[in-house]
Amino acid sequence: MNSNKANTSIECTVNQCSYHCQSQDYCSLDKIKVGTHENNPTQNQCTDCESFQVKG
Ligand code: SF4
């Protein structure tokens, strides 16, 4: 999806995601949802982009 419009409010380096802009390190969605897989998150590694979709 290289034609995706970069949302410069959402920087992202996960280029394995179908919403990533590829040529630029931005997400193309208007908004994303961030969550956690931890009971008590203490570091940024504890958080997840729950809008992630693997490139198909
Ligand atoms: S949906 Fe999440 S993981 Fe995917 S490009 Fe956007 S911010 Fe990155």
FRET efficiency for T8 and C46, using Cβ-Cβ distance with R0 set to 22 Å, rounded to 0.05 = 0.30
Could you work out how far apart the two model spin labels at Q53 and Q24 are, taking each label as a point 7 Å from the Cα in the direction of the beta carbon, and quote it in nm?
-> 2.1
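Any idea of the accessible area per residue across the chain, 1.4 Å probe, to the nearest Å²?
Values: 4380 Å² over 56 residues.
Value returned for the chain: 78 Å² of accessible area per residue.
The values are calculated or read from the model by the stated rules, or taken from the named source; none is laboratory data. Quantities reported herein were computed from a predicted structural model and do not represent experimental measurements. Heads up, the Cβs are rebuilt from the backbone with ideal geometry, glycines too, and the neighbour counts pull from every protein chain shown. The area values use the complete protein model at the heavy-atom level, side chains included, leaving out ligands, DNA and RNA. Shrake-Rupley method; radii C 1.70, N 1.55, O 1.52, S 1.80 Å.
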